[in-house]
Amino acid sequence: MVENRPFLNFLTHLVLILGVLTVVFPVYLAFIASTHGPTDFMSGIVPLLPGDHFSANYGYLLGTGESTAGAPPFLLMLANSLAMAIMIAFGKIAISIISAFAIVYFRFPLRVPAFWLIFMTLMLPVEVRILPTYKVVADLGMLNSYSGLVIPVIASATATFLFRQFFLTVPEEMMEAARVDGAGPMKFFRDILLPLSRTNIAALFIIMFIYGWNQYLWPMLITTEPHYYTVVMGIKRLASVLDGDNQWNLVMAGVILAGLPPVLVIIFMQRLFVKGLVETEK
Amino acid sequence: MASIDVENVGKVYSGGVRAVTDIKLNIADGEFIVLVGPSGCGKSTLLRMVAGLETISEGEVKIGSRVVNNVEPADRDIAMVFQNYALYPHMTVYNNLAYGLKNRGTPKAEIDARVAEAARMLEITQYLERKPRALSGGQRQRVAMGRAIVRKPAAFLFDEPLSNLDAKLRVSMRGEIKRLQRRLGTTSIYVTHDQLEAMTLADRLVVLNGGQIEQIGAPLEVYHAPASTFVASFIGSPAMNLVKGELHGDKLAIGPAMVALNGFAPTSGAVTVGVRAEDLRIARDDEEALPFHLEYTEELGAQRLIHGTVGDQQITAAVSPEIALSPEMRVAVDTKRLHFFSIDTGKRLPGNVPAEAKLAPVEPVI
Ligand SMILES: Nc1ncnc2c1ncn2[C@@H]1O[C@H](COP(=O)(O)OP(=O)(O)OP(=O)(O)O)[C@@H](O)[C@H]1O
Ligand SMILES: [Mg+2]
């Protein structure tokens, strides 16, 4: 739709600007708060201009951490989160693309029920099955380990479903042409399906990375050693214990630190991401 | 190079859908066979069984002297050109052509040479580094052909390769395919539902209907002696006129009119009479003819098609545009060029030998 009336232009921009402000203003406040000293909030008025404690706050949080609150240095937690998010994203993509490949291109008994089973788990969030999963992970001795953090959430019905839908749009003749060209199933997968799925993989990687990064409940349940804490848990610990002390500057610094990596991932993969969501190369 | 023998082949799809019944077809080495028939008659199914993309439910397919029923497509030594080309969109034209050779472990130098040769033959050399999406439909079609040629297979299989092109390009590509096939001498099976394409390309036509072979023959044989009303109405444009008639001894009654057959009547009683539009002409006053009521005309340039009725039956005649027309006319028919079919089965009646059409033999050019 192309409209070209000044009033409508004004209106659309107004709505856009309001929307952007609504999203950006809290982030801005958080950043400002993270640059002030601990006493600057006593008055109850939140400052709107940056303070001079930027390096002190961030340095303290990254290097030392708030050990009284049970939060190890943020650098460690950031590394933990990064490792977990990357493993989850890679794992989810690898597993789901292979399952989708099996479901779409092979005829085996119970193929359709298998698909529907996977599809139905879409309706079951982690929280629903968290107790049995905890029991299994505990019995396997995976508490307080990276495998315990990653493996229980590594299967993805959503991603499997998306890859399936994508594979279904690849013309069947492509597979037949490859067969005539002497490419077996695995070769077809590697030489043709994988490259064609490139943009989908990139888009899913971002989504799954952020999903992994934002894991909260699960890491909280299975990690008791600070060595395995993730950054989202760290913020919670910082906030709940510091409640009395009103050290909001540190909490906000933690929030900003935790929010940064997903933003960076999006910025750097944005081109592929947008492409993957709106078009497929065909 | 190889012959292809299709022996009593049938196909039943899962779910019990029967697509093809008892096909028997022997294709000589280097022959260009066209499978033609209306949509859904099983052409693609038959071709795909030869290619190995569909399992063979009944019968046997032999390529050369080898039964290939259980051989993978890649090992059948065939190449296929698909209707939508099925080029690999993420590969350059070069890699599209080279992919099949690479998979067979062909040495790099030989791949280069073969791709270059095929590209030159098809005049796509300047596009070798492009991706298919940056090519026009016609260029993509050439790439698809190239992918078949580089492999130097025993047989080419085409499934309606030209139907996504515009009319003009279709004609020129048609010529090109024929020329290439002659030059390479590769046995080919070509599927189309376009009877003109079928006529122009084929060494032999195979007309399919409802999963069965209706007729096999050289294009002109099929044109001049269609084996059934189905073939008669399918091959040739405009379609052959088919009208109800009655044979009384040596006379043929069509509606109110009577035509003397001059000693040529294969049977007696009711028959379906076939007559090509070009075998009808405006009658002179003194000859026996059918009363023709003109309804409308179509101009083809060299010819004019006049559509109308004889009695209550539709008839189309092709006449010279110079002849003056009037609403009520009389058309005469060359009785030696009449075709008679059984009313019940639609099959051509025995003894109904077509008149010698004066055809000069065509020497294969090139
Ligand atoms: N996978 C399938 N399962 C069941 N029936 C099928 C399948 N593929 C084709 N058929 C049926 O087999 C018959 C022949 O199909 P086929 O594709 O060979 O027709 P065709 O002659 O190539 O037609 P067109 O000119 O439209 O391509 C059709 O009736 C079709 O419905
Ligand atoms: Mg078809």
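Which longest run of chain A has no exposed loop site in it, a site being chymotrypsin sites (Phe, Trp or Tyr not before Pro) in a DSSP loop with at most 14 other beta carbons within 10 Å, and the site itself not part of the run? The reported range is A:107-215.
May I ask you to derive the FRET efficiency for B:V71 and A:K187 from their Cβ-Cβ distance with R0 = 22 Å, giving the value to the nearest 0.05? The formula returns an efficiency of 0.75 here. Structure shown: which of B:K11/B:K43; B:K11/B:K62; B:K62/B:K102; A:K187/B:K102; A:K92/A:K135; B:K108/B:K131 lie over 19 Å apart, alpha-carbon to alpha-carbon? As for pairs spanning more than 19 Å Cα to Cα, those are B:K62/B:K102; A:K92/A:K135; B:K108/B:K131. In this simple spin-label approximation, B:K336 and B:S237 carry label points 7 Å from Cα along the Cα→Cβ vector, and these lie 3.0 nm apart.
Note on B:84-92: average number of Cβ atoms from other chains within 10 Å of each residue's Cβ is 6. Stokes-Einstein diffusion for the protein assembly as shown, with the hydrodynamic radius set to the Kirkwood value over Cα pairs and evaluated at 4 °C in a medium of 1.567 mPa s, equals 41 µm²/s.
Using the Cβ-Cβ distance between B:T92 and A:F54 with R0 set to 51 Å, the FRET efficiency works out to roughly 0.50. Using just its DSSP H runs of length 4 or more, each adding -39500 (n - 2.57), the protein assembly as shown gives a mean residue ellipticity at 222 nm of -13000 deg cm²/dmol after division by all residues. Taking every pair of alpha-carbon atoms in region B:4-229, give the share separated by more than 34 Å as a whole percent. Tail fraction, whole percent: 13. Altogether, the Stokes-Einstein calculation at 4 °C and 1.567 mPa s, with the Kirkwood radius of region A:26-280 over Cα pairs as Rh, returns a diffusion coefficient of 63 µm²/s. Any idea what % of Cα-Cα pairs in region B:86-169 are farther than 19 Å? The share of Cα pairs beyond 19 Å in region B:86-169 comes to 34 percent. Against chain B, whose longest principal axis comes from its Cα atoms, helix B:108-122 is set at around 30 degrees. Taking every alpha-carbon pair under 8 Å whose residues sit at least 6 apart, chain A reaches a relative contact order of 30 percent. Using θ = phi - 60° in the Karplus curve 6.51 cos²θ - 1.76 cosθ + 1.60, the 3J(HN,Hα) couplings for region A:188-198 round to 4, 4, 6, 7, 10, 5, 4, x, 5, 8, 3 Hz; x is entered for Gly and Pro.
Here the spin labels are modelled as points 7 Å beyond Cα on the Cα-Cβ line, and at B:Q126 and A:K236 they lie 6.5 nm apart. Would you list, by chain and number, the lysines whose Cα falls below 22 Å from the Cα of B:K244, excluding same-chain residues fewer than 8 positions away? Output for B:K244: B:K336, B:K347.
Region B:285-310 and region B:236-283 have Cα centres spaced 16 Å apart.
Mind checking the angle between helix A:130-139 and chain A's longest principal axis? C-alpha axes, 0 to 90 degrees, to the nearest 10. For helix A:130-139, the angle is close to 90 degrees.
Mean per-residue shielding of peptide A:181-193 is 4, counting Cβ atoms of other chains within 10 Å of each Cβ.
Between the Cα long axis of helix B:137-149 and the first principal axis of chain B there is an angle of about 70°, rounded to the nearest 10.
Using 0.36 nm per residue, how much length does the chain from A:I17 to A:A79 gain when fully extended, once their Cα-Cα distance is taken away? My answer for the length gained is 18.8 nm.
A short reminder: the numbers here are calculations on the coordinates, not readings from a lab. Keep in mind it's a predicted model, so treat the numbers as computed, not measured. With ideal geometry, Cβ positions are generated from the backbone for all residues, glycine too; neighbour counts draw on all protein chains shown.
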